[in-house]
Amino acid sequence: MPRMIRFSDIDDRVLACPGLYELHTRDGVALKVGIGRDLLRRLRVHRASRQSGLRPVGLDDLRLASDPAQVRSKASVLAKHLFFDAEIAPSYDLRAEAGRRQFLEEECRLLIQCCTNLEVARRLEREREQTGRWRYCGRVVVRPVP
């Protein structure tokens, strides 16, 4: 049975198993659905939201990026989605590692489901993505503050 947890609960409540995760805001906005061969490791990467995982392309400074094509995501496409989404949480600096971490911990919750194997998780992920309710699905887009 899936269970809703905070990012700070990952180490205590997530197993190193294949599975599916859903990321929602506390207000109920469905942000992302994803899978991992090892959910514990995958979610630790998302929680870290490291700046070093986002690489500027053709720029000297990542903070100068104004287009998703100018940033390559080395470890977490979630970090890249958040980096370009000023609209979702204007009171957080999502262009900074610390701001993304704070947003994930304070405003987001995870729904975790261990699966028998990665193929089962992948099938569930596709089914959920097809509902069209996920804010971050596919290409990263710029979402400015309204």
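Tell me, for the chain, which Cys residues have no other cysteine's C-beta sitting closer than 4.7 Å. Within the chain, the cysteines lacking a partner Cβ under 4.7 Å are Cys108, Cys115, Cys137. For Val71, the shell of other residues with beta-carbons less than 9 Å away shows a net charge of +2, using +1 for Lys and Arg and -1 for Asp and Glu. Between Glu106 and Val145, the contour length at 0.36 nm per residue exceeds the Cα-Cα span by 12.1 nm. Helical runs assigned H by DSSP (4 residues or longer) give the chain a calculated mean residue ellipticity at 222 nm of -8500 deg cm²/dmol, each run adding -39500 (n - 2.57) before division by the residue total. Once the C-beta distance of Val45 and Arg126 is scaled by a Förster radius of 22 Å, the resulting FRET efficiency is 0.55 to the nearest 0.05.
Simple point charges give the picture: +1 on the Cβ of Lys and Arg, -1 on the Cβ of Asp and Glu, and for segment 3-129 a dipole about the Cα centre of about 440 debye.
FYI, it's all coordinate maths here, none of it is from the lab. Just so you know, these numbers come straight off a predicted model, no measurement behind them. Positions of Cβ are backbone-derived with ideal geometry, glycine not excepted, and every protein chain shown enters the neighbour counts.
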